[in-house]
Amino acid sequence: MPRASFPLLLGGLICAILLLAIQVSRSSLSLPPTPSHAKQVDVYPGAAWDSDLLISRQVVHSTPYARCEIHSVWSEDKTKVQDDWLWVDELDHVNVITYLPSKKEFVFFKQKKYGIEGESFAPVGGFQESGETGFEACRRESKEELGVATRREVEMIAAGRHKEYVAEEDEGWVVLGRYRIMSNRGGGFQTICLNRDAVELPAEVAREYGYRGAGWGGGSDGDDPDAGASDGEAQVVHRIDLGVAKELLMQGMFKEIKWTASLALSLLYLEGGDGNS
């Protein structure tokens, strides 16, 4: 064999070995399975947002709780068009501030959330169900997560008159408003309610309807890690004095803006002379 051809053969052999190694590594590479929702087109049940500035929309992805779209929109003065306007639809949701007037205490969760660093205090909250108003969702979530209602409702239940109860006439409930989450990007709407006369439901009523939160009322602050826990959430119930709640609010310990706004509006109401504080 000519001496000059040996390096070429050796180089070719090395290249062949490297190619073979790459083929083997590719065939043995374990990739995560494609999520099942990647094949869905549009499974979001809510209505699409409409505006006189909207030109067109394209669904990027959706789940049963939210939908991401790219919109083509006019500017407010209709002189320019933006074709990459990100828009997020989310199911309407609620937050409820629970207040015990006899003790001047609030009831909050301390919990972790995927998008928040560390722990945060938080009020009762959740999505509205199909056909449900924000107020109805506030009442339901309060019972499901904390096992509470207003004093008037609990008294009527105890008297066997629960069918006569009319929530809209109950002065213990205060609807503080319905608000858009992000003015330019969507995010659904939030209804904020204050239960300013909260009382724990009788244990037998809670058991009958399967309310998970009942049982926290007789204990001390932070004594029940299971009360209110649902949907895979880790929550601990805390009863917090009104003055301490103000301090926590100003310290940023309610780490989602919706929770902060809910408590701030409730404090304004309670200290405005109409809240029996």
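We did not get these values from a lab; they are worked out from the coordinates using the rules stated. On a predicted model such as this, the values are computed, not experimentally measured, just so you know. In this analysis, Cβ positions are derived from the backbone assuming ideal geometry, glycine residues included, and neighbour counts consider all displayed protein chains.
Take each of the peptides 237-246, 44-53, 135-144, average the number of other beta-carbon atoms within 10 Å over its residues, and list them starting from the highest.
Working: 237-246: 17.5, 44-53: 12.2, 135-144: 21.1.
Result, highest mean Cβ count within 10 Å first: 135-144, 237-246, 44-53.
Running Debye on the range 50-153 with equal point scatterers at the Cα sites and no solvent, what base-10 log of I(q)/I(0) appears at q = 0.11, 0.16, 0.18 Å⁻¹?
-0.57, -0.87, -0.96
How do 95-105, 182-192 rank on mean C-beta neighbours within 10 Å, highest first? All intermediate terms of the calculation are to be shown ahead of the outcome.
Details: 95-105: 20.2, 182-192: 16.6.
Going by the mean number of other Cβ atoms within 10 Å, highest first, we get 95-105, 182-192.
Convert each backbone phi in the range 149-157 into a coupling constant with the Karplus relation 6.51 cos²θ - 1.76 cosθ + 1.60 (shift: θ = phi - 60°), then list the ³J(HN,Hα) values in order as whole Hz, x for Gly and Pro.
3J(HN,Hα) across the range 149-157, in whole Hz: 9, 7, 4, 4, 5, 5, 5, 6, 5.
How far, in nm, would the chain grow between residue 155 and residue 175 when pulled straight, counting 0.36 nm per residue and subtracting the alpha carbon separation? Kindly include the intermediate steps, with their values, before the conclusion.
Details: separation 20, 0.36 × 20 = 7.20 nm, distance 2.13 nm.
My answer for the length gained is 5.1 nm.
Quick one: length gained pulling residue 255 to residue 72 fully straight, 0.36 nm per residue minus the C-alpha distance? Provide the component values of the computation, followed by the final result.
Numbers: separation 183, 0.36 × 183 = 65.88 nm, distance 3.27 nm.
Result: 62.6 nm gained on full extension.
Lysines near residue 103 by alpha-carbon distance under 17 Å, same-chain residues fewer than 8 away left out - which ones?
Hits, sequence-local ones excluded: 246.
Using a simple spin-label model with points 7 Å from Cα along the Cα→Cβ vector, what separation in nm is obtained for residue 166 and residue 79?
For the pair residue 166/residue 79, the computed spacing is 5.4 nm.
Please say if the range 93-274 is rounded, prolate or oblate, where rounded means a/c under 1.5 for a ≥ b ≥ c the square roots of the C-alpha gyration tensor eigenvalues, and otherwise the choice is prolate for a/b larger than b/c and oblate otherwise?
Details: a/c = 1.37, a/b = 1.24, b/c = 1.11.
In terms of gyration-tensor shape, rounded.
Roughly speaking, what is the stretch gain from residue 61 to residue 268, that is 0.36 nm per residue apart minus the C-alpha to C-alpha distance, in nm to one decimal? Spell out each step's value before the answer.
Numbers: separation 207, 0.36 × 207 = 74.52 nm, distance 3.93 nm.
Value of the extension gain: 70.6 nm.
In terms of modelled amide H atoms, which long-range or inter-chain residues lie less than 5 Å from the amide H of residue 126?
For residue 126, the qualifying residues are 94.
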